[in-house]
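As structure tokens, the structure follows; a few thoughts come after it.
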Amino acid sequence: MAKQDWKPGNMIYPLPAVMVSVGDKPENFNIITIAWTGTICSDPPMCYISVRKGRHSYQILKETGEFVINLTTKETAYATDWCGVRSGRQFNKFEEMHLTPGAALNVKAPIIEESPVNIECKVTEVKELGTHDMFIAEVVNVKADERYIDEKTGAFHLNKANPITYSHGHYYEVGKQIGKFGFAVEKKKKKKKRKPTKK
């Protein structure tokens, strides 16, 4: 199998494409689309976003220390891309994309009502790295759309919301399930042999 060596770069794909909402009052509410994001700790629950210093949302983040990660779907794909290529300095992104700012429980930053999951975050540390600064944050609340919660089991089915991912400049729908956590070591149930029936 032949492989090429490339110069060092970001090749961890696919990634979540999320809309991050910021601001502590309607006058400075803004949305920034981010792929540099992820989980970094489960207890306490913590995550991060990485943002360029030149982005409009950067200073808002530094001043407020709060943000909301809003997961995206096929339905919000256009808005997700638009909010990533337009600046909040020139546009009110909520109005332009007909998105609804909602009240979060534990932060002043708004949630995006059209998102199936809203992750409320409070910044605990800002790491200056290079092209981007990393905002490390603790998750202080999660809102989940009841449409995707199974009434009988309480299980949340994000796949029914048609989530999207980002890979090498393109957006993709999430494909079909091919396994679950632990399926590689899961013991398979033996099929009971049927006893022959007497005639």
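For the reader, a short list of remarks on this structure follows.
- Qualifying residue in the stretch 46-62 (condition: of a type in the set (Lys, Arg) and either in contact with a Cys (Cβ under 7 Å, 6 or more places away or on another chain) or within 15 Å of Pro110 (Cβ to Cβ) (or both)): no
- Any hit, the stretch 174-192, residues being surrounded by fewer than 17 Cβ atoms within 10 Å (Cβ to Cβ) and touching a strand residue (DSSP E or B) at 6+ places or on another chain (Cβ under 7 Å): yes
- Test: residue in the stretch 145-163 that is within 16 Å of Asn30 (Cβ to Cβ), touching a strand residue (DSSP E or B) at 6+ places or on another chain (Cβ under 6 Å) and surrounded by fewer than 21 Cβ atoms within 10 Å (Cβ to Cβ): no
- For the stretch 56-71, the candidate set comprises residues that are surrounded by fewer than 18 Cβ atoms within 10 Å (Cβ to Cβ) and among the charged types (D, E, K, R); within that set, the residue that is farthest from Glu125 (Cα to Cα) is Glu63.
- Looking only at the stretch 80-133, and only at residues there that are of a type in the set (Asp, Glu) and closer than 20 Å to Pro26 by Cβ, the one that is surrounded by the most Cβ atoms within 10 Å (Cβ to Cβ): Glu120
- Every pair of residues 6+ apart whose Cβ atoms lie under 9 Å, when the first sits in the stretch 15-41 and is touching a residue at least 40 places away in the same chain (Cβ under 8 Å) and assigned to a strand (DSSP E or B) while the second is among the hydrophobic types (A, V, I, L, M, F, W, C) and exposed (fewer than 13 other Cβ atoms within 10 Å of the Cβ): Thr33/Val85
- Filtered residues of the stretch 128-184 (kept if within 26 Å of Lys53 (Cβ to Cβ), in contact (Cβ under 8 Å) with a residue 12 or more places away in the chain and assigned to a loop (DSSP other than H, G, I, E, B)): Leu129, Thr131, His168
- When Ile149 is tested against (1) out of contact with any helix residue (DSSP H, G or I) (no Cβ under 6 Å at 6 or more places or on another chain); (2) within 15 Å of Lys74 (Cα to Cα); (3) among the β-branched types (Val, Ile, Thr), just one condition goes unmet, and that condition is (2).
- Filtered residues of the stretch 147-189 (kept if among the aliphatic types (A, V, I, L, M) and closer than 12 Å to Leu15 by Cα): Ile164, Val174
Read-outs throughout are calculated quantities, based only on the coordinates presented, and are distinct from any laboratory measurement. Since this is a predicted model, take the numbers as computed values, not measurements. Glycine gets a Cβ as well: all are built from the backbone with ideal geometry, and neighbour counts include every protein chain shown.
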